[in-house]
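The values are calculated or read from the model by the stated rules, or taken from the named source; none is laboratory data. Computed from a prediction, not measured in an experiment: that's the story for all the values here. Here the Cβ positions follow ideal geometry from the backbone for every residue, glycine too, while neighbour counts run over all protein chains shown. Accessible surface areas use protein heavy atoms only, side chains included; no ligands, DNA or RNA. Shrake-Rupley method; radii C 1.70, N 1.55, O 1.52, S 1.80 Å.
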Amino acid sequence: MTARVIIRDDDTSFFTTPEMLTVVYGRCWESGIPVCLSVIPARATARIEEPWLRSLVNSDYDPGIPERYRGSGRSYPVSENRELCAFINEKIYRGLVEVAVHGYGHASEFLSTDKDSIKEVLERSRSLLRSCFPTASLSTVVPPYECFSTQWIETLLDAGQNISTIYESFYLRSRRDRLRSWRRLLGERLGVNSLPPRTAERIGDSKLFFGLNFFLPQYDAEECLENAVRAFDACLRDEKVFVCTNHYYHFFDEHNGPREELLSAWHSFIEHMLRSNNVVWTTFENCSLNGG
Ligand SMILES: [Zn+2]
């Protein structure tokens, strides 16, 4: 019994501090465990344009934007947070961080259906991240909100990029079905612990990784931990890849500091995984998939 485990954390951006990442992932890094950070190249702060997306996140603004920046109309390139870039580069050097491309501004760019503009956005995203993280592999793309057009997926597969998203987003083709399932996964307790039929696969030169969200502030922390343990144990038993997706900011209340119960549940989960002898801690880039 072996599980390949990838820890993915979304939404690192100009607004992220090394301290926040260390509070959540310091224990992993102490133990030599790599974390895949999905980094937003130039965080947009405008109101979300699409009404359905606003209703999906239950807010006019992306919840990852600190309140005082919301609606400022500016974009904030991660390159302007030099302290964060230096911190991440040092972790990349030590094999403790993999950087994935997480949109460009984390707005609705992944809903575009125009392939020329998609290629331009992808190139712009990669080159901005390349300028900040010169040695990062940048071989994986994580679509913001787990929502994307078919043309985006075709472009990424043509380019041989790896993709990490949720199974339902990838395989349910109609937007209505995807929305329904997204709501189910994020909005209902039962959905959180259901494992998809596959958690990783290969298509051509690309690897696909289907992540699972467990540690969400709207749920009871103990329940988050139980769901995560159950899913991890099932992946271990079935020798599946286990992609645990977090958003570091979920572990903090903007006005009241760290959410101690949720953090403690997350740390208990790391200890649970560390106690299992047959875990291969890996990254999207390094994870081997033998044809399935
Ligand atoms: Zn995101």
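Miscellaneous remarks
- Å² of accessible area per residue within the chain, as computed with a 1.4 Å probe and no ligands counted: 43
- Farthest toward the positive end of the dipole of region 45-162, out of Ser137, Ser117, Gly95, is the Cα of Gly95, where the dipole comes from beta carbon charges about the Cα centre.
- With each label modelled as a point 7 angstrom along the Cα→C-beta vector, the Glu201-Arg230 pair spans 2.5 nm.
- Dividing the summed helix terms, -39500 (n - 2.57) for each DSSP H run of n ≥ 4, by the number of residues in the chain produces a 222 nm estimate of -12000 deg cm²/dmol to the nearest 500.
- Of all accessible heavy-atom area on the chain, the percent that carbon and sulfur account for (1.4 Å): 47
- Taking each residue as 0.36 nm, the span from Tyr171 to Ser194 lengthens on full extension beyond its C-alpha to C-alpha distance by 6.7 nm.
- Computed E for Leu157/Asp238 - FRET, C-beta separation, R0 30 angstrom, nearest 0.05: 0.70
- Per-residue extension of 0.36 nm, minus the Cα-Cα distance of Arg130 and Glu254, leaves a gain of 41.7 nm for this segment.
- Of Ile40, Asn286, Ser264, farthest towards positive along the dipole that unit charges on Lys, Arg, Asp, Glu beta carbons give the chain: Asn286
- Pair-distance distribution of the chain: all C-alpha pairs, bin width 5 Å, starting at 0; shares per bin in whole percent are 1, 5, 12, 17, 20, 19, 15, 8, 2, 0, 0.
- Potential extension, Glu67-Asn290 segment - 0.36 nm per residue separation minus Cα distance: 75.8 nm
- Region 1-81: relative contact order as a whole-number percent, Cα under 8 Å and 6+ apart: 37
- Whole-number D in µm²/s for region 190-249 (Stokes-Einstein; Kirkwood sum over Cα pairs; 37 °C, 0.692 mPa s): 265
- Reachable aspartates and glutamates from Lys119, criterion Cα separation under 17 angstrom, eight or more residues apart if same chain: Glu109, Glu154, Asp158
- Cross-link reach list, lysines versus Lys91, counting only Cα pairs under 27 Å and skipping chain neighbours closer than eight places: Lys207, Lys240
- Take every pair of alpha-carbon atoms less than 8 Å apart whose residues are at least six positions apart; their mean separation over the length of the chain yields a relative contact order of 25 percent.
- For region 16-93, size of Cβ-based charge dipole, Lys and Arg +1, Asp and Glu -1, in debye: 80
- Assuming charge only on the beta carbon of Lys and Arg (+1) and of Asp and Glu (-1), the dipole of the chain about its Cα centre is about 500 debye to the nearest 20.
- Of all DSSP beta bridges in the chain, antiparallel share, percent nearest 5: 25
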